[in-house]
Amino acid sequence: MKILSIETSCDETGIALVQAEGGFSNPRFEVLKNLVSSQIKIHRPFGGVVPGLAKREHIKNLPLLFR
């Protein structure tokens, strides 16, 4: 089974794609993709995370990570 994880907390947008096999008795996981887009440079001039700006950046960055 492939599992897609999406993370949009604070100043990072990330996705991961994991292949899971083996069931509960013998689980095996393989990370197929792990991508992160950071907003640190964008927020640095403000001295911290600006929530409205972070929201707009998540909306912009998430589709780019799926390409």
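Odds and ends about this structure:
- Over the stretch 1-64, relative contact order from alpha-carbon pairs under 8 Å, at least 6 apart, %: 30 percent
- Burial ranking of peptide ranges 31-44, 3-16 (average Cβ count within 10 Å, highest at the top): 3-16, 31-44
- Compared with the dominant principal axis of the Cα atoms in the chain, helix 51-65 is inclined by about 40°.
- Based on every Cα atom in the chain, Rg and the maximum pairwise Cα distance Dmax equal 15.3, 50 Å.
- Phi-based couplings in Hz for the stretch 42-47 (Karplus 6.51, -1.76, 1.60; Gly and Pro marked x): 5, 8, 3, x, 8, x
- Extension gain for Arg56 to Arg44 (0.36 nm times residue separation, less C-alpha to C-alpha distance): 2.7 nm.
Every number here is computed from the coordinates shown, using simple stated rules; none is lab data. Source: prediction; values computed, not measured. Positions of Cβ are generated from backbone atoms using ideal geometry, with glycine treated the same way; all protein chains shown enter the neighbour counts.
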